[in-house]
Amino acid sequence: MDLDFTEEENAFRDEVRDFAREKLPADIHHKVMNGLHLTRDDYVSWQRALFARGWGGVSWPKEFGGPGWSATELYIFEEECAAAGAPRLIPFGLRMLAPVLMAFGSRAQQERFLPKIMSAEEWWCQGYSEPGAGSDLASLRTRAENCGDHYRVTGQKTWTTLGQYADWMFCLVRTDSEVKPQRGISFLLIDMKSPGITVRPIITLDGGHEVNEVWLEDVRVPMENRVGEENQGWSYAKFLLGHERTNIAGIGIAKRELAHLKRVAKAEMKNARPLLEDPLFAAKVAQVEVDLMALEITNLRVLSTEKMGPEASILKIKGSEIQQDISELLMQAAGPYAQPFAANYCNQRKLSIYGGSNEIQRNIISQMMLGL
Amino acid sequence: MDFGLSEEQQQFVDTLGRFVARDYGFARRRTIVDSQEGWSKEVWQSLADLGVLAINVPEKYGGLGFGPVETMLAMNVFGAALLVEPYLSSAVIATSLLCDIAGESVKAELLPRLAGGERIAVLAHFEPASRFVIAHVECSARKDGERYVLEGQKAAVLDAPAAGHLLVSARTSGLPDDDTGVSLFLVSRDSPGLVLREFPTLDGGRAAEVLLNKVSVPASARLGGEGEAMPAIERALDIGLSALCAEAVGAMKALQNATIEYLKTRSQFDQPIGRFQVLQHRAADMLIHFEQAQSMSYLAAMRCTAENTLERRRMLSAAKVVVGQACRFIAQSAVQLHGGMGMTDELMVSHWFKRLTMIESTFGDSDSHLQRFAELAS
């Protein structure tokens with residue numbers, strides 16, 4: 001039993017740290033460290049810097065142009081990038097669609113789409129949720145009619161994150177409504193410039209525009225843009241959800257935000273002392289910190305098995321709760337000047353809702369891990 | 001990074017597991033708890049024969065020379081079985097402390113006998129006014145020619161009734177909260193002036209209030225330099241804290257398993273109660289607490305002998321907070337999910353509940369460790 005990283009892993013950590021220090025533009029660093037809004041270009045320029053270094057497909061195997069890192073190396077990479085104040089990697093193409101294409105896509109699809117994901121030439125969004133299909137995703141109703149050489153797609157997708165920037169959308173559609181809901185779903189790749197697509201912003205409680213509604217009206221999708229077989233989309237979707245869960249604990253981001261919280265709480269004064277020395281407040285910060293220490297080791301325990309099963313639900317629940325706690329304390333620390341942090345606090349409510357709400361995660365734990 | 005066990009460690013766990021399954025069942029334990037002494041010499045000898053008492057004794061003194069990881073594995077098993085014998089007090093804390101601080105002659109005399117099960121020793125350190133502050137020592141040791149005279153009171157010393165020797169901390173100089181000025185003395189149970197007021201503890205253990213009424217000991221009973229015992233006491237208590245966390249993890253796992261089993265078998269409204277989502281979610285939260293506690297127990301075991309004192313204390317306090325809070329949550333939830341049956345003496349559940357409740361407040365409760373962590377955190 002050994003809790004330390006190997007010498008090679010520590011050398012790798014230094015390499016990532018040096019890279020981030022050298023290549024991350026100062027203005028992006030500043031925005032991330034202060035929780036400010038990032039533009040499309042900010043995300044793209046960081047992804048391109050990684051691509052130039054040969055790290056564009058961070059989680060990908062070598063045969064598809066990735067660095068072929070182990071789960072532990074990937075964890076170290078993410079932790080260092082978060083600490084350096086790098087933007088999060090936009091996961092839709094990189095972490096969600098790419099593994100599906102590698103496993104189920106045609107050679108032509110792999111060659112057409114994967115390189116442009118890695119180089120950030122094309123931005124992807126996710127067409128999963130619908131107004132009537134959230135936690136119960138299989139009840140989705142967007143229809144795709146098979147017209148021989150193409151599908152005609154009509155319906156509505158929602159909560160489409162950063163869809164306003166997207167060039168492409170991977171989309172779950174119903175191709176058979178006569179069978180059990182899970183059996184009649186197909187997985188399509190849709191060009192967002194196609195006639196019949198309308199993207200409308202959804203303004204969230206923090207005042208931000210991050211998510212969208214996507215309306216599809218008789219959108220023509222060529223047959224070659226279907227991934228895998230018709231009506232087998234649900235199994236690809238489940239496969240994707242498994243990959244969505246890597247880095248789900250968000251340890252690096254939580255560490256960075258905790259450091260931010262401590263900086264603010266040291267600067268803010270209460271009774272002529274730094275707020276961080278106030279026993280009540282200090283206890284709250286300490287509680288988050290010990291929870292995060294425990295989650296970090298829990299995460300490493302899961303990583304050391306090199307397979308992500310239902311344990312991911314534990315990481316998701318605790319990781320989201322810890323990040324929410326930190327955002328709440330950050331707001332509290334600012335006291336009457338809470339306005340700059342309140343938006344972040346509001347926005348972080350999403351963490352326990354998306355990617356399978358924390359209640360759904362508890363269902364998964366009780367069924368898959370406890371056998372209830 | 002490696003969370004696996006070696007083959008030798010796994011064999012060790014299996015052997016201990018077979019021992020408690022065969023010789024330390026619920027009925028046997030009850031007989032032991034209800035006995036006059038409250039622990040079993042026979043069991044103690046079996047533990048010696050299995051080599052468990054020798055884990056923390058160096059090979060030079062007839063021990064195995066293992067460390068905190070093997071101690072953790074043993075404590076996992078003992079936690080599940082709710083072993084009441086003074087393992088933590090004697091074989092972990094007092095043994096580690098003697099190895100650390102005692103002179104050659106005392107080590108050669110005592111360590112082989114501790115490993116062999118012939119002697120039991122216990123650290124008597126905390127006091128009525130110290131609460132959980134390790135440095136707070138009011139007991140005094142006054143130099144009297146070639147002897148020391150000890151005076152004062154040690155509070156709720158766990159397993160003291162079973163011990164032939166007490167390791168007593170007392171101040172040879174300084175004020176109650178000073179880090180220096182504390183010395184450690186090896187005091188025989190039959191010393192004149194040493195009074196033990198014995199009492200049972202909530203969880204079936206035994207403890208005593210230890211009164212030192214002008215107890216006179218020879219200068220050779222002082223272990224380590226005069227006034228220099230505190231760092232060694234802290235090191236031994238940190239090793240003990242790690243072991244305690246491991247005991248908690250063993251008990252929580254067993255209690256968690258018993259609770260899941262009950263949810264699957266107890267039927268109400270024509271279905272197993274584990275089908276009800278509100279109970280499922282509580283069970284899921286128990287598992288989350290358990291996994292977090294397991295992680296911190298690993299951290300404690302692998303860091304409890306670290307050289308850097310501040311970092312070591314910070315990690316151990318963090319571990320005790322997470323483990324202590326898990327103890328509370330899992331114990332309370334297990335009783336709640338068992339309903340009325342969880343309240344009865346008849347099920348093991350209530351006994352795990354009581355032990356976990358005790359562990360939460362042993363060597364510092366969650367609040368005191370959270371505070372210490374906050375003070376040590378950067």
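The values are calculated or read from the model by the stated rules, or taken from the named source; none is laboratory data. Everything numeric in this text was worked out from a predicted model, so none of it was measured. Glycine gets a Cβ as well: all are built from the backbone with ideal geometry, and neighbour counts include every protein chain shown. These accessible areas exclude ligands, DNA and RNA; they are computed on the full protein's heavy atoms, side chains included. Shrake-Rupley method; radii C 1.70, N 1.55, O 1.52, S 1.80 Å.
The table for this structure:
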read-out	value
Residue in segment B:321-329 that is in a helix (DSSP H, G or I) and within 23 Å of B:Pro231 (Cα to Cα) present	yes
Residues satisfying the stated conditions in segment A:174-189, i.e. over 22 Å from the mean Cα position of the chain (by Cα) and either part of a strand (DSSP E or B) or among the β-branched types (Val, Ile, Thr) (or both)	A:Arg174, A:Thr175, A:Val179, A:Ile185, A:Ser186
Test: residue in segment A:79-93 that is within 14 Å of chain B (Cβ to nearest Cβ) and touching a residue at least 60 places away in the same chain (Cβ under 8 Å)	yes
Any hit, segment B:58-67, residues being open to solvent by 30 Å² or more (accessible area, probe 1.4 Å), outside the structural domain of B:Glu291 (by TED's automatic domain parsing) and assigned to a helix (DSSP H, G or I)	yes
Count of segment B:1-55 residues which are of a type in the set (Asp, Glu) and within 14 Å of another protein chain (Cβ to nearest Cβ)	3
Conditions (1) farther than 20 Å from A:Ala254 by Cα; (2) within 14 Å of another protein chain (Cβ to nearest Cβ); (3) open to solvent by 40 Å² or more (accessible area, probe 1.4 Å): number failed by A:Glu73	(1)
Positions within segment B:28-45 being part of a helix (DSSP H, G or I) and either over 13 Å from B:Leu83 (Cα atoms) or free of Cβ contacts under 8 Å to residues at least 24 places away in the same chain (or both), in sequence order	B:Arg28, B:Arg30, B:Thr31, B:Asp34, B:Lys41, B:Glu42, B:Gln45
Residue within segment B:126-134 that is open to solvent by less than 30 Å² (accessible area, probe 1.4 Å), in contact (Cβ under 8 Å) with a residue 40 or more places away in the chain and either farther than 28 Å from B:Met358 by Cβ or not in a loop (DSSP other than H, G, I, E, B) (or both) present	no
Considering residues of segment A:296-314 that are open to solvent by less than 40 Å² (accessible area, probe 1.4 Å) and not in a helix (DSSP H, G or I) only, the residue farthest from the other protein chains (Cβ to nearest Cβ)	A:Gly309
Selected residue (criterion: farthest from the other protein chains (Cβ to nearest Cβ)) from residues of segment B:286-313 that are open to solvent by 40 Å² or more (accessible area, probe 1.4 Å) and part of a helix (DSSP H, G or I)	B:Thr309
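A quick yes/no check of all residues on (1) buried (at least 18 other Cβ atoms within 10 Å of the Cβ); (2) assigned to a helix (DSSP H, G or I):
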{"residue": "A:Lys284", "(1), (2)": "yes, yes"}
{"residue": "A:Val288", "(1), (2)": "yes, yes"}
{"residue": "A:Ala294", "(1), (2)": "yes, yes"}
{"residue": "A:Leu330", "(1), (2)": "yes, yes"}
{"residue": "A:Tyr345", "(1), (2)": "yes, yes"}
{"residue": "A:Tyr354", "(1), (2)": "no, no"}
{"residue": "A:Glu359", "(1), (2)": "no, yes"}
{"residue": "A:Ser366", "(1), (2)": "yes, yes"}
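For (1) outside the structural domain of B:Leu237 (by TED's automatic domain parsing); (2) farther than 20 Å from B:Ser96 by Cβ; (3) hydrophobic (A, V, I, L, M, F, W, C); (4) in a strand (DSSP E or B), each residue gets a yes or a no:
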{"position": "B:Leu150", "(1), (2), (3), (4)": "yes, yes, yes, yes"}
{"position": "B:Gln153", "(1), (2), (3), (4)": "yes, yes, no, yes"}
{"position": "B:Pro161", "(1), (2), (3), (4)": "yes, yes, no, no"}
{"position": "B:Leu167", "(1), (2), (3), (4)": "yes, no, yes, yes"}
{"position": "B:Ser173", "(1), (2), (3), (4)": "yes, yes, no, no"}
{"position": "B:Leu184", "(1), (2), (3), (4)": "yes, no, yes, yes"}
{"position": "B:Val187", "(1), (2), (3), (4)": "yes, no, yes, yes"}
